[in-house]
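Worksheet: one structure, shown below.
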Amino acid sequence: MEIKNATFVVSNTDVQKCPEGIRPEYAFIGRSNVGKSSLINMLTQRKGLAMTSQKPGKTQLINHFLINETWYLVDLPGYGYARRGKEGRERIRRIIEDYILEREQLANLFVLLDCRHEPQQIDLEFMEWLGENSIPFSIIFTKTDKLTRTHLQENLKVYQTQLLETWEELPPIFFSSAEKKEGREEILGYIEEVNARFLK
Ligand code: GTP
Ligand code: MG
């Protein structure tokens, strides 16, 4: 799919203030620093569209980007950032949860996982919570440039085995590198497929 235009629309902390209308949207979630904002820039080929940082905790709001005037990419704050403190973490958790549970336009949530790490409790629990609430999601393993192909396959196997302990079926799984611009076609192709169902 070609991205003809990508524009920032609005940032806020309140799901009620997100854009009106019935356009489908695709949001990116995961631990702070996993590469959500970088992936949005890579997909849209617009450096600096979503703000990124080497320090975790950069994105603090729900950010809507309108794509080809028909659908949205949504950058969300990361979860689990210890240095935010208990209150800060709680505030972010509420923003994320309200958005996910109340946003009817959410066509698919991409859960980002750093491909270098073994399965983390916080991510597994988050995906279980999505399942309990019937939220459609897919997985993207990020930063694949940091691993060899063999190591990546090994980590994927470990993750799949772990997921199959809870899930009967695996969600769609993608790989990305914002650094090497990998995964773009596959992820945009998937969005196009889901869009076709929503925009009928
Ligand atoms: P928060 O907004 O804090 O939740 O983080 P985020 O998930 O949006 O992460 P962000 O995109 O800001 O990236 C965090 C850091 O990881 C930055 O230093 C990025 O340059 C780096 N990074 C992101 N994606 C990749 C990748 O694919 N490969 C490599 N090598 N680095 C990446
Ligand atoms: Mg971010």
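No lab work stands behind these numbers, since they all come straight from the coordinates. Quick caveat, the model's predicted, so the values are computed rather than measured. Please note: Cβ atoms are built from the backbone with ideal geometry, for glycine as well, and neighbour counts cover all protein chains shown.
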Next on the checklist: With a cut-off of 8 Å between alpha carbons and a minimum separation of six or more residues, what is the relative contact order of the chain in percent?
Outcome noted: 23
Checklist entry - At q = 0.12, 0.16, 0.17 Å⁻¹, what is the log10 ratio I(q)/I(0) for the stretch 24-96, with the Debye formula run over Cα points and no solvent? => result -0.31, -0.53, -0.60
Checklist outcome for this item: One computes Rg over Rh for the stretch 91-133 from alpha-carbon atoms, with the Kirkwood Rh, and obtains 0.99
Item to check | Rough spin-label spacing in nm, given labels placed 7 Å along Cα→Cβ, for residue 151 and residue 173 | outcome: 1.8
Next on the checklist: What's the magnitude of the charge dipole for the stretch 41-134 around its Cα centre, counting Lys and Arg as +1 and Asp and Glu as -1 at the beta-carbon? Answer in Debye, nearest 20.
Outcome noted: 660
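Determine the calculated [θ] at 222 nm for the chain from helices alone, applying -39500 (n - 2.57) to every DSSP H run no shorter than 4 residues and normalising by the residue count; nearest 500 deg cm²/dmol.
-11000 deg cm²/dmol
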Checklist outcome for this item: The relative contact order of the stretch 27-118, taking Cα pairs under 8 Å that sit 6 or more residues apart, comes to a percentage of 36
Item to check | Total charge dipole magnitude, the stretch 85-171, about the Cα centre, Cβ charges on Lys, Arg, Asp, Glu only, Debye to nearest 20 | outcome: 480
Checklist entry - How big is the gap, in Å, between the Cα center of the stretch 162-200 and the Cα center of the stretch 93-143? => result 13
Checklist entry - What nm distance separates the two modelled labels at residue 4 and residue 51, each placed 7 Å from Cα along Cα→Cβ? => result 3.1
Next on the checklist: Using a Cα-Cα cut-off of under 17 Å, which lysines could be cross-linked to residue 180, ignoring same-chain neighbours fewer than 8 residues away?
Outcome noted: 36, 47, 143, 146
Checklist entry - So, in nm, how far is label residue 117 from label residue 197 when the simple model puts each one 7 Å beyond its Cα toward the Cβ? => result 2.9
Checklist entry - Say the dipole of the chain comes from +1 at the beta carbon of Lys and Arg and -1 at that of Asp and Glu; which of 33, 156, 19 then lies farthest toward its positive end? => result 33
Item to check | Under DSSP loop assignment and at most 10 Cβ neighbours within 10 Å, longest GluC sites (Glu not before Pro)-free interval of the chain | outcome: 105-164
Checklist entry - Just going by the charge dipole of the stretch 1-141, with Lys and Arg at +1 and Asp and Glu at -1 on Cβ, which of 135, 48, 10 is farthest out on the positive end? => result 48
Next on the checklist: So if I place +1 on the C-beta of Lys and Arg and -1 on the C-beta of Asp and Glu, and nothing else carries charge, what would the dipole magnitude of the chain be about its Cα centre? I want it in debye, nearest 20.
Outcome noted: 980
Item to check | Spread of Cα-to-Cα distances over 10 Å intervals beginning at zero, given as percent, for the chain | outcome: 8, 37, 40, 14, 0
